[in-house]
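Data first, discussion second: the structure below is written as structure tokens.
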């Protein structure tokens, strides 16, 4: 049985841990609130660029662009968005598990796929398993701007254009609520399923549809990546906030349990001392 000093040390260390997790919960709550606002504020832009792109790509009969046409798939690209740090519950593991299973089921060789890793956790996961990470970005800000990831978005689209891979998917954690996030898979390229919920608008444009799509389609693909990153950041902060709250609650339960154990041990020690004193006094009579 642990001594009173050991139990007291456990109580002290658990209280300190609880203070840390409580502070992390509060920090994540502030970041989560702002992250959700960033993700929601980007939605109108996404809807508008999707509407314009769909109107030109679908509405123009002579529009023909390589990013809109499927080609034989020799190599598949995967953009995987995770965080740079842990302590976020199952946020990273859920995404990585689904990507890993997909790759194991669909590919026989590392020559058949390539990975673009956003986040240190995902990068380290794939590198440790000898999987081909051809591009990575580490240290993305908690509230990222488009400038922070312009390089990786433009390179991702560029590698599709120069046939480094023939299709591109993105995996990330989609934010639903503070306690619910869902791993989401989207096909980024080719853009064969561009649709819009609104009615297609007829545009008069100059110059030709092909020249406009040369500029618009890469921007649209890049905005899909950026939108997924904002969504993932909101999910990360929500997951970390929830994980730290659970850790704080668990620490509180441990403190109560240790305190009860300490009181019982102290009471037993006092009872033992009284018994010894009474026994000693009786022996002297």
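No lab work stands behind these numbers, since they all come straight from the coordinates. All figures in this text were calculated on a predicted structure; none of them were measured in a lab. Backbone-built Cβ (ideal geometry, glycine too); neighbour counts: all protein chains shown.
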Share, in percent, of DSSP beta bridges within the chain that are antiparallel, nearest 5 = 40 percent
Among 87, 254, 224: highest mean-square fluctuation, GNM of the chain, C-alpha pairs under 10 Å = 254
Spin-label model distance (nm) - residue 111 vs residue 259, 7 Å beyond Cα toward Cβ = 6.6 nm
task = Show me 226-236, 159-169 ranked by packing, highest mean number of other Cβ atoms within 10 Å first.
result = 226-236, 159-169
query = Convex hull over the alpha-carbon atoms of segment 27-241: what's its volume per residue in Å³?
reply = 120 Å³
inquiry  = Compute the helix-to-body angle for 146-161: its Cα long axis versus the longest principal axis of the chain, expressed 0 to 90° and rounded to tens.
reply    = 50 degrees
note = For 266-278, 139-151, ranked highest to lowest by mean beta-carbon neighbours within 10 Å, the order is 139-151, 266-278
key: Inter-probe distance in nm under a simple model that places probes 7 Å from Cα toward Cβ, at residue 214 and residue 129   = 4.1 nm
Tilt relative to the chain, helix 91-106 - C-alpha long axis, 0 to 90 degrees, to 10 = 50 degrees
request  = Working from Cα positions, state the angle (0 to 90°, nearest 10) between the long axis of helix 4-59 and the longest principal axis of the chain.
outcome  = 10 degrees
remark   = Rounded to the nearest 500, the 222 nm mean residue ellipticity computed for the chain from DSSP H runs (n ≥ 4, each -39500 (n - 2.57)) alone is -22000 deg cm²/dmol
inquiry  = 7 Å from Cα along Cα→Cβ at both residue 8 and residue 102: what's the point-to-point distance in nm?
reply    = 5.6 nm
ask   = Considering the zone a paramagnetic label at residue 49 would reach in this model (a point 7 Å from Cα along the Cα-to-Cβ line), which residues of segment 151-165 have amide N under 16 Å from it?
value = 151-158
